[in-house]
Amino acid sequence: MPQLLSNEARALIDREVAKYPAEHKRSAVMGALRIAQTEHRWLSEELVAEVADYLQMAPVAVYEVASFYNMYDLKPVGRYKLTVCTNLPCALSGGVTAAEYLKQKLGIGFGETTADGKFTLVEGECMGACGSAPVMLVNNHKMCASMTPDEIDKKLGELE
Amino acid sequence: MTVYVKGIVFENVDFDLPRCWSIDQYIQRGGYAALKKIVAEKIAPEAVIEEVKASGLRGRGGAGFPTGLKWTFLPKGYVGQKYLVCNTDEGEPGTFKDRDILAYNPHAVIEGMILAAWATGATVGYNYIHGEIFELYQQFEAAIEEARAAGFLGDNILGSSFSFQLHAHHGYGAYICGEESALLESIEGKKGQPRYKPPFPAVVGLYGKPTIINNTETFASIPWILRNSGQEFQALGKPNSGGTKLFSVSGHVNRPGNYEIPLGTPFAELLDMAGGMRGGKKLKAVIPGGSSAPVLPADIAMNLTMDFDAIAKAGSMLGSGAVIVMDETVCMVKALERLSYFYFEESCGQCTPCREGTGWLYRIVHRIEHGEGRPEDLELLASIGDNIAGRTICALGDAAVLPVRGMLKHFRDEFEYHIANKRCLVG
Ligand SMILES: Cc1cc2nc3c(=O)[nH]c(=O)nc-3n(C[C@H](O)[C@H](O)[C@H](O)COP(=O)(O)O)c2cc1C
Ligand code: FES
């Protein structure tokens with residue numbers, strides 16, 4: 001079987017493994033899945049199996065973790081996954097407006113991907129940044145604050 | 001930047017300096033002095049715990065449990081591995097203080113954990129960081145490396161026989177992992193499903209070993225307490241509510257942000273600091289302690305002081321210190337609908353009352369909001385609440401019920417109006 005995880009990704013996973021007692025290697029599974037997803041954009045069955053193999057875990061145990069936590073994607077997503085928080089504190093300061101603006105601008109609903117495969121839109125829960133509402137995550141790791149329609153336009157323009 | 005008033009956690013932090021989070025600047029403002037003193041003078045762990053007890057510091061993560069007391073719950077005379085865990089899985093809607101602590105003063109958390117390790121005998125620690133703030137997880141890893149390079153972390157700290165290893169672990173989108181036993185499961189590489197208690201983590205925790213878990217702000221308060229004194233910390237607040245506390249103010253105010261103020265400060269003053277009501281509108285309601293805390297109407301809030309006892313007496317809780325401010329334009333049915341959706345969506349599904357009950361709560365509030373409510377719905381909400389609260393493995397069930405109860409207690413007329421008229425009282 002071809003190797004999906006690059007050597008760089010494997011080295012990063014090794015760093016995660018080193019954080020935990022040797023007999024508790026599976027503690028590194030959340031970090032390993034994040035590293036795998038960052039490299040491949042989403043977690044295919046083959047990729048999950050390779051992570052399992054690398055950590056000497058049963059594939060089903062890795063799948064269980066990948067399906068429990070919302071930020072792991074078990075289906076293909078666009079090149080840019082945009083997650084917008086619509087929880088109450090954000091909603092009081094434009095969170096829902098931002099989400100509606102994105103839906104209209106991209107022509108997609110929550111959980112959908114644009115036809116060109118560029119954007120996926122996701123409804124998020126509190127990101128612990130409610131003071132900077134509206135808040136949007138780009139590809140899980142880049143947080144953008146104060147996402148008014150103007151700022152959204154600017155941000156989308158930067159994403160190639 | 002969203003910190004507007006500084007107390008003990010952000011004392012002397014100059015947010016305008018680039019890299020104000022770095023170790024050099026932390027040391028310049030007195031950082032690691034407490035650690036150096038305790039190691040040099042070989043201060044007894046018991047004495048450190050006594051100082052923390054004297055401070056009146058209560059857990060900043062939501063439950064408000066006295067920190068010094070918690071540290072004494074580790075089994076006496078136990079020899080073997082013990083763990084220390086910091087809870088930075090900040091996901092309680094409205095709360096954004098721990099994020100700013102990691103952004104601007106992460107070494108206070110690191111020093112606090114090292115001091116706690118000295119006091120409890122834990123030799124390995126983890127900081128569990130909310131996946132949504134991944135950039136700060138990376139910065140925290142860099143801060144750990146700085147502390148290690150400076151000899152404050154790792155083997156033989158400052159040349160002594162004391163060793164402590166610290167690592168960062170990230171979540172990836174699950175509110176339930178803020179609950180301490182779910183968090184431990186998550187570090188163990190499993191689904192974040194809470195454990196039955198007892199045994200409590202202090203006895204059976206991470207990998208089955210005795211473990212102390214505290215919130216980020218709790219740990220970040222420790223260096224100040226040991227650098228100054230427990231008594232001085234206590235004196236900053238009120239009896240039974242020692243110190244200053246970070247309040248995350250969100251919603252309809254002119255200046256949403258973090259305000260680190262003495263416990264016992266009147267809510268009205270906090271509202272003023274936050275620039276007052278946005279657009280000069282009238283205050284309608286306040287959720288004083290994160291989305292799980294029962295809502296309070298304006299008249300009660302305006303007479304409230306922000307400390308554990310006063311908020312409890314008013315029928316709510318200080319919780320995580322997240323203050324959600326709502327003006328007269330807010331429809332309470334709609335507000336509750338969004339919160340109920342959150343608990344439904346985030347229930348881990350392990351126990352039936354919570355898994356099924358949160359779905360019921362959401363669907364009923366949803367139908368009331370959408371003009372399909374039935375006259376018996378309010379009684380039904382109350383009875384479902386009674387069948388969830390106190391009957392679940394963890395407190396997420398209670399967290400889902402408390403907002404419903406608060407809304408029905410103070411804004412029942414709005415719900416009744418929705419049901420009778422199929423539309424909103426507010427507009
Ligand atoms: C559903 C749920 C979510 C929680 N989320 C958090 C959280 O995000 N951060 C936190 O510190 N504590 C959270 N807690 C409280 C923790 O279980 C625990 O009490 C706390 O981390 C202990 O630290 P402290 O004593 O310093 O407050 C949560 C509890 C529940 C039931
Ligand atoms: S409610 Fe949106 S970040 Fe907290």
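The values are calculated or read from the model by the stated rules, or taken from the named source; none is laboratory data. Computed from a prediction, not measured in an experiment: that's the story for all the values here. Don't worry about glycine lacking a Cβ; one is built from the backbone with ideal geometry, like all the others, and counts go over all protein chains shown. All accessible areas refer to the heavy atoms of the entire protein, side chains included, with ligands and DNA or RNA removed. Shrake-Rupley method; radii C 1.70, N 1.55, O 1.52, S 1.80 Å.
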Bridge type composition, the protein assembly as shown - antiparallel percent by DSSP, nearest 5: 45
Gyration tensor over alpha-carbon atoms, segment B:332-421, equivalent ellipsoid semi-axes in Å: 22, 12, 11
Solvent-accessible area of B:Arg148 with every protein chain in place, 1.4 Å probe, in Å² to the nearest 10: 80
Straight-distance crosslink candidates among lysines, where the alpha carbon sits under 28 Å from B:Lys313 and sequence neighbours closer than 8 are dropped: B:Lys6, B:Lys53, B:Lys70, B:Lys97, B:Lys197, B:Lys238, B:Lys245, B:Lys281, B:Lys282, B:Lys284, B:Lys334, B:Lys409
Surface accessible to a 1.4 Å probe, B:Lys70 within the full protein complex, Å²: 40
Per residue convex hull volume, Cα atoms of chain A, in Å³: 128
Gaussian network model of chain A, springs between alpha carbon atoms under 10 Å - residue of A:Tyr54, A:Tyr80, A:Tyr20 with greatest fluctuation: A:Tyr20
Tilt relative to chain B, helix B:332-346 - C-alpha long axis, 0 to 90 degrees, to 10: 50
B:Arg367, A:Arg15, reordered so the largest accessible area comes first (probe 1.4 Å): A:Arg15, B:Arg367
Share of pairwise Cα separations in the protein assembly as shown, more than 39 Å, in percent: 26
Dipole of chain B [Lys/Arg +1, Asp/Glu -1 at C-beta], most positive-end residue of B:Val253, B:Leu166, B:Asn240: B:Asn240
Rg to Rh, two decimals, where segment A:80-159 supplies the alpha carbon set and Rh follows Kirkwood: 0.92
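Return the carbon/sulfur percentage of the accessible area of segment B:177-295, one whole number, probe 1.4 Å, all protein chains in place.
Carbon and sulfur together cover 54 percent of it.
Run the dipole for segment B:3-234 about the Cα centre, Lys and Arg Cβ at +1, Asp and Glu Cβ at -1, nothing else charged, and hand back the magnitude in debye, nearest 20.
Rounded to the nearest 20 debye, it is 720 debye.
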Acute angle (nearest 10 degrees) that the helix B:45-55 long axis makes with the longest principal axis of chain B, alpha-carbon atoms: 40
Solvent exposure, largest accessible area first (probe 1.4 Å, DNA, RNA and ligands not counted), of B:Val79, B:Val85: B:Val79, B:Val85
Accessible surface of segment A:7-68, 1.4 Å probe, proportion on carbon and sulfur as whole %: 51
Degrees, to the nearest 10: A:149-158 long Cα axis against longest axis of chain A: 50
Per residue solvent-accessible surface (Å²) - segment A:1-75, probe of 1.4 Å: 51
For chain B, built as a Gaussian network whose Cα springs stay under 10 Å, the top-fluctuating residue of B:Phe344, B:Phe200, B:Phe233: B:Phe200
Per residue solvent-accessible surface (Å²) - chain B, probe of 1.4 Å: 35
Cα-based Rg / Dmax (Å) for segment A:1-84: 12.4, 38
Spatial separation of Cα centroids for segment B:322-354 and segment B:377-401, in angstrom: 13
Charge tally in the Cβ shell below 13 Å around B:Pro199, where Lys, Arg are +1 and Asp, Glu are -1, B:Pro199 excluded: +2
Shape parameters for segment B:244-327, alpha-carbon atoms, Rg then Dmax in Å: 11.0, 32
In segment B:122-207, the chymotrypsin sites (Phe, Trp or Tyr not before Pro) that fall in loop regions by DSSP, at most 13 other Cβ within 10 Å: B:Tyr196
Only Lys, Arg (+1) and Asp, Glu (-1) charged, at Cβ; the protein assembly as shown dipole about Cα centre in debye: 680
For chain B, built as a Gaussian network whose Cα springs stay under 10 Å, the top-fluctuating residue of B:Arg227, B:Arg58, B:Arg99: B:Arg227
Principal axes of segment B:78-212: Cα extent on each, largest first, Å: 41, 36, 21
Cα-only radius of gyration and Dmax that characterise segment B:3-234, units Å: 16.3, 47
Interface area, A with B, accessible, probe 1.4 Å, both sides summed, Å² nearest 100: 4000
Protein-protein interface of segment A:45-84, residues with accessible area decrease of at least 10 Å², isolated chain reference, 1.4 Å probe: A:Glu64, A:Val65, A:Phe68, A:Tyr69, A:Asn70, A:Met71, A:Tyr72
Net dipole in debye of segment B:244-327 [+1 Lys, Arg Cβ; -1 Asp, Glu Cβ; about Cα centre; nearest 20]: 280
Qualifying chymotrypsin sites (Phe, Trp or Tyr not before Pro) for segment B:1-108 [loop in DSSP, other Cβ within 10 Å: at most 12]: B:Tyr78
